[in-house]
Amino acid sequence: MNNTQDLNDPRAWILYSDAELLVVNKPAGFLSIPDGYHPELPHLAQALAPVVGRLWIVHRLDKDTSGLILLARSAEAHRILNQTFRERALRKIYHCLAAPSLDWQTQDLDLPLRVNADRAHRTRVDRERGKPARTMINVLRRGESFSLLECTLFSGYTHQIRAHLYSAGLGILGDGLYRPKGFNTTDARLQAERVMLHAYEISFAHPLTGSALNFRAPYPSDFEEKLSAL
């Protein structure tokens, strides 16, 4: 997929649509919700409403993060999906490109996190004041300078993946906020114009019918291009 085309044509983002639910592959660089300081900037519901009608926001992705996001098309679906997220009755899997290179295959990062833990508003591991948080990491492809990781979330805090990877000495390509010591900023292979994090897969029950749903979002072109360097 071409990111520029995606930004110009919201119809290209839609992976699934029915009377209650919309599943979208959000392009990187696009807001999930209105910006509090710059409300004039375009966001998902605003861009998609002319195509599909009124929408309710269920959850969000950071602006630089691409991939799967759910929107409700009715108040009842919104209520049920909100409950699904509160109860964590769904599975979310992200893919990312992270450095440095790894010598392990899997890690279960069951570490408490505190949101807005410092002046840079970063989420940090905090064993005393943090809330329970867990991310399972699996190496999908291993490269000389960076690897493709699969991150399965068992909780859903702001910057959870980035904070947990940072605690393990890893940084996502393009992420200047969570950059661990030893991250080689001069290596051109590790440079990226945005955070190389993609919401790849989501599984949940349909809010009205209860049927099991599973969706996967193709990588955007910039992610594919960086991945080809492996």
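The values are calculated or read from the model by the stated rules, or taken from the named source; none is laboratory data. Owing to the predicted nature of the structure, the values given are computational and were not obtained by experimental measurement. Note that we place each Cβ from the backbone using ideal geometry, even for glycine, and neighbour counts take in every protein chain shown. Side chains included, ligands, DNA and RNA excluded: accessible areas come from the protein's heavy atoms. Shrake-Rupley method; radii C 1.70, N 1.55, O 1.52, S 1.80 Å.
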Looking only at the stretch 158-186, which residues are open to solvent by 10 Å² or more (accessible area, probe 1.4 Å), of a type in the set (Phe, Trp, Tyr) and modelled with pLDDT of 95 or more?
166
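Yes/no matrix, rows are residues, columns are (1) in contact with an Asp or Glu (Cβ under 9 Å, 6 or more places away or on another chain); (2) surrounded by fewer than 19 Cβ atoms within 10 Å (Cβ to Cβ):
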{"site": "35", "(1), (2)": "no, yes"}
{"site": "63", "(1), (2)": "yes, yes"}
{"site": "69", "(1), (2)": "no, no"}
{"site": "72", "(1), (2)": "yes, no"}
{"site": "76", "(1), (2)": "yes, yes"}
{"site": "84", "(1), (2)": "no, yes"}
{"site": "87", "(1), (2)": "no, yes"}
{"site": "92", "(1), (2)": "yes, no"}
Mind checking which residues of the stretch 72-90 are within 17 Å of residue 212 (Cα to Cα), among the aliphatic types (A, V, I, L, M) and not in a loop (DSSP other than H, G, I, E, B)?
72, 77, 80, 81
Among 41, 22, 68, the single one that is closer than 27 Å to residue 159 by Cβ and not in a strand (DSSP E or B) is 41
Some residue of the stretch 37-48 being within 17 Å of the chain's Cα centre (by Cα), modelled with pLDDT under 95 and surrounded by 13 or more Cβ atoms within 10 Å (Cβ to Cβ)
yes
Go through (1) open to solvent by less than 20 Å² (accessible area, probe 1.4 Å); (2) among the aromatic types (Phe, Trp, Tyr); (3) touching a Pro at 6+ places or on another chain (Cβ under 9 Å) for residue 204 and report which single condition fails.
(3)
Take the residues in the stretch 6-18 that are open to solvent by 60 Å² or more (accessible area, probe 1.4 Å) and without any contact (Cβ under 8 Å) to a residue 60 or more places away in the chain, then tell me which one is farthest from residue 222 (Cα to Cα).
11
Just to be sure I understand the filter: pairs with C-beta atoms under 6 Å, separated by 6 or more residues or on different chains, first member in the stretch 147-159 and touching a residue at least 24 places away in the same chain (Cβ under 8 Å) and of a type in the set (Gly, Ala, Ser), second member part of a loop (DSSP other than H, G, I, E, B) and surrounded by fewer than 20 Cβ atoms within 10 Å (Cβ to Cβ). Which pairs pass?
147/102
Within the stretch 105-117, take every residue that is assigned to a loop (DSSP other than H, G, I, E, B) and hydrophobic (A, V, I, L, M, F, W, C) and give me the one that is nearest to residue 69 (Cα to Cα).
115
I'd like the full set of residues that are open to solvent by less than 40 Å² (accessible area, probe 1.4 Å) and under 17 Å from residue 158 (Cα atoms), limited to the stretch 49-61.
58, 59, 61
Which one of 224, 144, 128, 150 is of a type in the set (Asp, Glu) and closer than 18 Å to residue 90 by Cβ?
150
Hits in the stretch 118-163 - residues which are assigned to a loop (DSSP other than H, G, I, E, B), under 29 Å from residue 216 (Cβ atoms) and within 17 Å of the chain's Cα centre (by Cα):
123, 133, 154, 155, 156, 157, 158, 159
